[in-house]
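Take a look at the structure below.
Coordinate-derived values only; no laboratory data. For clarity, every value in this text was computed on a predicted model and none was experimentally measured. Backbone-built Cβ (ideal geometry, glycine too); neighbour counts: all protein chains shown.
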């Protein structure tokens, strides 16, 4: 991040950024977009290749129907209009990991257009437009080694050549780095819910390029944009945009001129660096792909795909708030992934009190999973186990303290909650006499705190509750403890 003196702060206030994002999403098909080679990640280099994806003369592409289905499904989930006919084109450029010397993509006639995503903004919702969603093939991967002496080498892994992608291009509606972060988070969430991609940024399944320019506030004409490429996390994209906005403003203020170029972000330094002059569309010499017919998505096939759209996160959150009586915050946490939402709903429908299930998932389950680096699918406690524990607490059979202890045991032993409960069989103490005896002993041992309470310091009651629960090993019924304490301290 650039150090911002007072004068720079004032300068930034006179400018507004204009941001557009280009997101590439790898589709979760078993084979590549124009051949039958595997898309499996992590296989030995150059083993998932054939004459088609290597660009050998005479090899002809055959379009993968599943890739089109997934692309159409994603576009519909992003509120796009599906074009009945779209055209594949050759995007010509030279790069070592592009063996054909061109990339099959879509240009002036894409699969889908005119969509949008809503994000939080201005105290309500802000709509970010999506210009287009189009299909294309991925390039290979260059692996650089050395660059310290004459033995420097670059190796090519062409396994990724021909892996199906969709490119999602936003309108320049994004006004701040924070909005860019929200847009990407929402976009990833929707794509994950559709199941068309795993959106794994570490494996390159989701990649983002950010276009950013600045202009004086109130000016309609766009400034000169730069493109920040190859940023591998949403947090770093936000940081890169923050730096680039300040860099451009300072450059203009000092009498310089922003050059249209591609830049890279150094996360360790928090800075962007120039990479190359920015290409224009005509530099790619687009022309229609002669080996592929126009892609036609007719009304019947479009409707068949539309029926596959799942309930998306925003709609699901609203329904869960209404159906289960949980808060909007609870619903937001519990719909973070489709798997978590599915499992929560299964448990909530089986439990007596869905709100208690939500509290246990957030308060007890998710924290333990996070601390151990586990996903919800790897949890030793199933959602049925969470529902079972919620019902025990609801019935007064066990206390919250016992639940915590049993969850710890479940994670320690790798067993589900019902199995742990059956083995341990902890029970709440609900015998009034037994609880009174413990309370009397605690009060007798702490006369100073008793006097403080009776002198008006009622917060001391929490101390007594804690001591009683500790003495009973968490098994005393909390409601009875509170009622009996009120009675005895009042007298």
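Label-to-label distance, residue 423 versus residue 307, with points set 7 angstrom from Cα along the beta-carbon direction: 4.7 nm.
Going 7 Å from the Cα of residue 253 in the Cα-to-Cβ direction, what parts of segment 14-35 have a backbone nitrogen less than 20 Å from that spot? Within reach of a label on residue 253, which here means backbone N under 20 Å from a point 7 Å along Cα→Cβ, segment 14-35 contributes 14-19.
Quick one: length gained pulling residue 371 to residue 127 fully straight, 0.36 nm per residue minus the C-alpha distance?
Working: separation 244, 0.36 × 244 = 87.84 nm, distance 3.57 nm.
Length gained between residue 371 and residue 127: 84.3 nm.
Which of rounded, prolate or oblate describes segment 1-118 when judged by the alpha-carbon gyration tensor and an a/c cut-off of 1.5? Cα axes put segment 1-118 in the prolate bin.
Take the Cα of residue 200, step 7 Å toward its Cβ, do the same at residue 156, and the gap between the two points is 2.5 nm.
Please give the helix 383-394 orientation as an angle from the longest Cα principal axis of the chain, in degrees from 0 to 90, rounded to the nearest 10. Taking the Cα atoms of the chain, the angle to 383-394 is about 30 degrees.
Sequence gap at least 6, Cα distance under 8 Å: using those rules, report the relative contact order of segment 432-490 to the nearest whole percent.
Normalised by residue count, the contact order of segment 432-490 is 41 percent.
When both bridge partners sit in the chain, DSSP labels roughly 95% of those beta bridges antiparallel.
Is the shape of segment 313-424 best called rounded, prolate or oblate, per the rule: a/c under 1.5 gives rounded, else a/b larger than b/c gives prolate, else oblate, with a ≥ b ≥ c the square roots of the Cα gyration tensor eigenvalues? Mind showing how you got there, number by number?
On the way: a/c = 2.13, a/b = 1.40, b/c = 1.53.
Here segment 313-424 falls in the oblate category.
Divide by every residue of the chain the summed helix terms, -39500 (n - 2.57) for each DSSP H run of at least 4, and state the resulting mean residue ellipticity at 222 nm, rounded to the nearest 500 deg cm²/dmol. The per-residue figure over the chain is -12000 deg cm²/dmol. Three principal axis extents describe the C-alpha atoms of segment 6-301; from largest down they are 61, 58, 33 Å. Calculate I(q)/I(0) for segment 372-481 by the Debye formula, one identical point scatterer on each C-alpha and no solvent, and give its log10 at q = 0.10, 0.14, 0.20 Å⁻¹ to two decimals. Normalising to I(0) and taking log10 leaves -0.39, -0.66, -0.98.
What is the extension gain from residue 50 to residue 141, computed as 0.36 nm multiplied by their sequence separation minus the C-alpha to C-alpha distance, in nm to one decimal?
Values: separation 91, 0.36 × 91 = 32.76 nm, distance 1.61 nm.
31.2 nm is the gain from fully extending residue 50 to residue 141.
In degrees from 0 to 90, rounded to the nearest 10, what is the angle of the helix 313-324 Cα long axis to the longest principal axis of the chain? Once rounded, one gets 20 degrees.
Cα gyration tensor of segment 151-308, axes a ≥ b ≥ c as square roots of the eigenvalues: rounded (a/c below 1.5), prolate (a/b > b/c) or oblate? Walk me through the numbers before you get to the answer.
On the way: a/c = 1.63, a/b = 1.48, b/c = 1.10.
Here segment 151-308 falls in the prolate category.
Computed from the Cβ-Cβ distance with R0 of 51 Å, the FRET efficiency linking residue 436 to residue 319 stands at 0.65.
Using Cα pairs closer than 8 Å and at least 6 residues apart in sequence, work out the relative contact order for the chain, in percent. Before the final figure, lay out the partial values.
Numbers: 859 pairs, mean separation 68.6, N = 491.
With pairs under 8 Å counted, the relative contact order is 14 percent.
Of the peptides 46-57, 296-307, 16-27, how do they stack up when ordered by the mean number of other Cβ atoms within 10 Å, highest first?
Numbers: 46-57: 16.0, 296-307: 11.8, 16-27: 21.5.
Per-residue Cβ counts within 10 Å, averaged per peptide and sorted highest first, yield 16-27, 46-57, 296-307.
To test your reading of the geometry: what angle, between 0 and 90 degrees and rounded to tens, separates the Cα axis of helix 338-350 from the longest principal axis of the chain? Once rounded, the angle reads 30 degrees. Available extension along the chain between residue 285 and residue 118 is 56.6 nm, counting 0.36 nm per residue and deducting the alpha carbon span.
A Cα-only calculation for segment 98-144 places Rg and Dmax at 16.8, 50 Å. Our note on the geometry: Cα centres of segment 82-143 and segment 354-375, 37 Å apart. Between residue 59 and residue 362, the FRET efficiency from the beta-carbon distance, with R0 = 51 Å, is close to 0.45.
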